[in-house]
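Asks: Below you'll find the structure I mean.
The values are calculated or read from the model by the stated rules, or taken from the named source; none is laboratory data. Keep in mind it's a predicted model, so treat the numbers as computed, not measured. Glycine gets a Cβ as well: all are built from the backbone with ideal geometry, and neighbour counts include every protein chain shown.
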Amino acid sequence: MKKKTKPDLSTDCAGIKSPNPFWLASAPPTNSGAQIMRAFEYGWGGAVWKTLGEDPPVINVTSRYGAMDLGGTKVAGFNNVELITDRPLSVNLKEMYEVKKRFGDRAVIASLMVPCERKSWHDIVLKVQDAGADGVELNFGCPHGMSERGMGAAVGQVPDYVKMVTEFVKEKSKIPVLVKLTPNIADVRFPARAAKAGGADGVSLINTINSLMGVDVETLVPKFAVGGKAAHGGYCGPAVKPIALNMVTQIANDPETKGLPISGIGGISTWSDAVEFLLLGATSVQLCTAVMHHGYRIVEDLEAGLRGWMKRKGYARLSDFVGASAPSVVEWKHLNLHHKTVASIDPDKCIGCDVCFIACNDTAHQCIAIDRKKGNRKPHVVQSDCVGCNLCSLVCPVDGCITMTEVKTGLKPLTWEQYAKNGMKGYTKVYESH
Amino acid sequence: MPSRNERVWRDNFAELKGPLRREEARVEASRCLYCYDAPCVTACPTHIDIPRFIRQIAAADPLGSGETVLEANALGHSCARVCPVEVLCEGACVYHDWQEKPIQIARLQRFGTDAVHARGELPFEAGPDSGKRVAVVGAGPAGVACAAYLRRLGYATTIFDRRPLPGGLNTFGVAEYKMDRRTSLEELKLLFTLGASVKTGVEVDETLAAKLLRDFDAVFLGAGLAKTRALGIPGEDLPGVLDALSFIERVKARDASWIGSSTATVVIGGGNTAVDAATQSRRAGAQAVTLAYRRGPDAMSAYDFEVALARADGARVLLNAAPKRILGRGKVEGVEFARTRTARGKLVEERATFTVPCDRVIKAIGQEKDRSLPALFGAATNPDGTIRVDPRTLRTSAPKVFAGGDAVNGGKEVVNAAADGKRAAWGIHLALVPGARPGPEDAYWVSTIDGRVVAPVQERTGAR
């Protein structure tokens, strides 16, 4: 009989250990010790404390959050202009100590943000270390408010500063140091390399993206304004996940940062979102928006989903699959020009909405037709003209109705790089251009 | 405490399908797949661009949505309430192929037209004065729709109706729980801001008909059907025997003495009016209501969902029962029926009879065609009494006279009448201005007469 073993969800991200990879990101859900303890009771593996700074604490504004809804879906994207913690440092440190005392097996990471001076960073690192933190996360990502004061993203956008401050911290820190990166930069690999050069034990990303949520077209006032005026905020939530996945993968695959531990953040709502980050190289994941929408309880289905998937796949521990998909992400020039797929529509599943028809004919490659005989509405793909672009299958509302099938061309794989090296020779047409 | 009468109106005659709240509308609108060349649009006789108006609701533009509806269907506000959408737009929704509930098109349409009504301003205006006059006979859905589009084309339009209020069956014949009288009158009031003049309480006789033909450049006949057919059986004159339309009209007048005025009612007929009368009898307090039809269930012309409503309200459906006599001394006491069966396609009555006791009989076996009105205007009729028209323009055999609605189609829905009114308005315009092309203000609604031609897509001939 096959022995049933419970998959081991425990993780070690940059030397920070937790019983599962699900951490609360540094944000309102980790504002206080009482909140974090409640989260830990639900089963969260770790929590990155809402960013600590120097006293006196910051002053926040009202309102603070904004959301983008899509159709009937609430909070597809989320925006905030909240700053770092507005509670005194001593209060946070005392509570941190209590949390660690009660939940010794969970990861408590102190997110930090102080001015770019060696002494400021030394002081705060020593304090959180004393409070029992398992690691620190340097907040070089916050894109609003703090960046105007020379902190947060203002540091993260200058690789030299990233390296310098990381070095300050490493001079004193006995606990692992994560550097949280901002996505508001042309190429995230540069600050990641700088963090590594400064001695960081790992990086966490992405922080929020600069955003303005909109304008109320009745009042002409920006949406989610503070007394009629709005400042740009930081954007997150389900809509940002693909941006985050790309940046995580860039760092995982960059020869200079390969192997640098990553804590993945950005739009994670479900267990499978989390698995995607892990497959692309993250060893822990951080969540915020989904928790702000539904509460700490979501960790129960995150954990169950991950465990169930690992069982189905036969994975005993996270290291069995972490990073497994990253090598499949390559530069465009390495894609096979001789690969061919075409669409086909299952007439039994088709409901005749003809959304694929108009999408293909107006905006893609004009290869879906409808035989209008006897009032038929069901379209079919003219496969000889199909370029395999996916558009029809993306807009089709019915699961499994339009499938993209590989057509064996019998041709040797050919990448753009090889083709260019061959003097633009060796390509055999696999689709009709029109 | 509300009176019994008020309670009955509040509880029994409340709207069956209420309005959607804003967030309900948004969620429902977001379900719409925005089909291309959508089957719901084809199914709608007025060819409202349904996916477009639903998308406008999803995009938080209810007024724009209402405009899309009212462009194609001047009576879109009442059609949203009275249309048998189960067999029209909602019945055609592709969600059925998915074994899912169709989009609630009617309630979304109402969301759009309610927004227009809340604003109290039509999204379009009367056209510049054409210098020509058109008379419309009948202020029912066909006539009112025709008048609205004639006003958009700039014709001085006068509507004549024999009843004290305009609206025809929308005002007098629609079951109150589908649409109340006030809603019908509000719709008309807004449409009449286009400037049609309305003369109610006017019976069109030979003299007036001659005057209309003389004084007006064209006449539209939209007077509907005549009185309910007679059963042709003994006892039909007894007190307590009513025709369905006057019964419904009395109920809609909300007369307190009408509530509970029958203990047992027999409704005779198998169409939607019969079923409406049965449902309303129950709701007005009759304890035993029998809907009697002389053929089997498959021959009933009433919609299944209407019959289901009557049954759910407690009406008994008695099939294969042919009325032979209405019994009673001085007043109705029962109806004697013969059992029927269908043998080789023919209805055969059995000899044995049975009696259903009752104190009221409602006749609902269809309305007669009004053959006299078309004759007054020189318009030829078909053998069945409907007015003969050119289907493209709805012009009758009399060159100045056009016709539409029940008098032409023999009795269909409000939306069919509204579509006819629209078609006839453009038909009249073409007759008075030969070769006319719609200007920018009219191009859209004119394009909906036959259904909009969608942009041609390059034909591809590749193998399947």
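Asks: How many of the residues in the range B:87-113 are within 14 Å of another protein chain (Cβ to nearest Cβ), over 16 Å from B:Leu70 (Cβ atoms) and of a type in the set (A, V, I, L, M, F, W, C)?
Replies: Selection size over the range B:87-113: 5.
Asks: Let me ask something additional. Let me confirm something: among A:Lys373, A:Lys340, A:Lys313, which residue is outside the structural domain of A:Ser284 (by TED's automatic domain parsing) and either under 30 Å from B:Cys93 (Cα atoms) or free of Cβ contacts under 8 Å to residues at least 24 places away in the same chain (or both)?
Replies: That would be A:Lys373, the only listed residue that is outside the structural domain of A:Ser284 (by TED's automatic domain parsing) and either under 30 Å from B:Cys93 (Cα atoms) or free of Cβ contacts under 8 Å to residues at least 24 places away in the same chain (or both).
Asks: Oh, and also: For the range B:148-167, how many residues meet the condition of being within 19 Å of B:Val204 (Cα to Cα) and either touching a helix residue (DSSP H, G or I) at 6+ places or on another chain (Cβ under 6 Å) or of a type in the set (Val, Ile, Thr) (or both)?
Replies: 6
Asks: Please enumerate the residues belonging to the range B:413-455 that are within 18 Å of B:Ala145 (Cα to Cα), assigned to a loop (DSSP other than H, G, I, E, B) and among the β-branched types (Val, Ile, Thr).
Replies: B:Thr448, B:Ile449
Asks: Evaluate the following for B:Ala375: is it free of Cβ contacts under 8 Å to residues at least 40 places away in the same chain and in a strand (DSSP E or B)?
Replies: So B:Ala375 fails the test.
Asks: Across the range A:344-356, what is the number of residues that are closer than 12 Å to B:Leu33 by Cβ and either facing another protein chain (nearest Cβ under 7 Å) or of a type in the set (Gly, Ala, Ser) (or both)?
Replies: Qualifying residue count, the range A:344-356: 5.
Asks: Looking only at the range A:376-411, filter to residues that are away from every other protein chain (no Cβ under 14 Å) and of a type in the set (Ser, Thr, Tyr); which one of those is nearest to the chain's Cα centre (by Cα)?
Replies: Looking at residues that are away from every other protein chain (no Cβ under 14 Å) and of a type in the set (Ser, Thr, Tyr), I get A:Ser393.
Asks: Quick one: which of B:Val307, B:Val332, B:Val361 is at pLDDT 95 or above, part of a loop (DSSP other than H, G, I, E, B) and crowded, with 20+ Cβ neighbours inside 10 Å?
Replies: Working: B:Val307 fails: part of a loop (DSSP other than H, G, I, E, B); B:Val361 fails: part of a loop (DSSP other than H, G, I, E, B).
Answer to the check: B:Val332.
Asks: Now for a separate question. Which of the numbered conditions does B:Ser30 fail, given that it passes all the others? Conditions: (1) within 25 Å of the chain's Cα centre (by Cα); (2) among the polar types (S, T, N, Q); (3) within 13 Å of chain A (Cβ to nearest Cβ).
Replies: (1)
Asks: Looking at B:Pro234, is it in contact with a Leu (Cβ under 8 Å, 6 or more places away or on another chain) and not basic (Lys, Arg)?
Replies: No: the conditions fail for B:Pro234.
Asks: Can I ask one more? Look at B:Asp129 and say whether it is free of Cβ contacts under 8 Å to residues at least 24 places away in the same chain and surrounded by fewer than 24 Cβ atoms within 10 Å (Cβ to Cβ).
Replies: Taking the combined requirement at face value, the residue does not satisfy it.
Asks: Pairs, please: C-beta under 6 Å, at least 6 apart or cross-chain, first residue modelled with pLDDT under 95 and in the range A:253-271, second crowded, with 24+ Cβ neighbours inside 10 Å?
Replies: Pairs found: none.
Asks: Quick test for you: out of A:Ser26, A:Ser111, pick the one residue that is in a loop (DSSP other than H, G, I, E, B) and either touching a residue at least 12 places away in the same chain (Cβ under 8 Å) or not hydroxyl-bearing (Ser, Thr, Tyr) (or both).
Replies: A:Ser26
Asks: Moving on to the next point. Provide a single number: the residues in the range B:1-27 that are within 14 Å of chain A (Cβ to nearest Cβ) and either more than 22 Å from B:Glu86 (Cβ to Cβ) or over 26 Å from the mean Cα position of the chain (by Cα) (or both).
Replies: Within the range B:1-27, residues that are within 14 Å of chain A (Cβ to nearest Cβ) and either more than 22 Å from B:Glu86 (Cβ to Cβ) or over 26 Å from the mean Cα position of the chain (by Cα) (or both) number 6.
Asks: Residue by residue through the range B:176-214, note down the ones that are in contact with a strand residue (DSSP E or B) (Cβ under 7 Å, 6 or more places away or on another chain), under 18 Å from B:Val401 (Cα atoms) and outside any loop (DSSP other than H, G, I, E, B).
Replies: Once the filter is applied, which keeps residues that are in contact with a strand residue (DSSP E or B) (Cβ under 7 Å, 6 or more places away or on another chain), under 18 Å from B:Val401 (Cα atoms) and outside any loop (DSSP other than H, G, I, E, B), the range B:176-214 yields B:Leu212, B:Leu213.
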